[in-house]
Amino acid sequence: MIHQPVSSFYEVQTREFILEAKELLKLRKSLARVYAQRTGKLLWVVSKDMERDVSMSATEAQAHRIVDLI
């Protein structure tokens with residue numbers, strides 16, 4: 001008999017990974033809504049801005065309306 005060891009362990013890992021990914025997507029959507037409301041920008045614009053890391057100076061962050069005061 002050939003047996004795949006710890007096969008149920010991989011199933012548990014996969015399920016946990018999927019649940020974590022779903023939670024992260026919910027968090028991302030919630031954060032995008034807060035940013036959109038706070039900055040006055042459209043949700044799709046904020047979502048696009050959040051797709052990758054963007055480095056900003058303090059002045060750029062203020063212009064983007066992420067921070068109030070420098």
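If we count every other residue with Cβ under 14 angstrom of K48's Cβ, Lys/Arg +1 and Asp/Glu -1, where does the sum land?
Once all neighbours under 14 Å are counted, the net charge is +1.
Out of residues 5 or more away from V67 or on other chains, whose amide H comes under 5 Å of its own, with H placed 1.01 Å from N in the peptide plane?
Amide H neighbours of V67, under 5 Å, 5+ apart: Q62.
Percent of accessible area on segment 14-64 owned by carbon and sulfur, 1.4 Å probe?
Using a 1.4 Å probe with all protein chains present, segment 14-64 comes out at 58 percent carbon and sulfur.
Could you give the nm distance between label points at I18 and W44, where each point is 7 Å from its Cα heading toward the beta carbon?
So the label points at I18 and W44 sit 3.0 nm apart.
The values are calculated or read from the model by the stated rules, or taken from the named source; none is laboratory data. Remember, it's a predicted structure, so these values are computed and weren't measured experimentally. Note that each Cβ is placed from the backbone with ideal geometry, even for glycine, and that neighbours are counted across all protein chains shown. All accessible areas refer to the heavy atoms of the entire protein, side chains included, with ligands and DNA or RNA removed. Shrake-Rupley method; radii C 1.70, N 1.55, O 1.52, S 1.80 Å.
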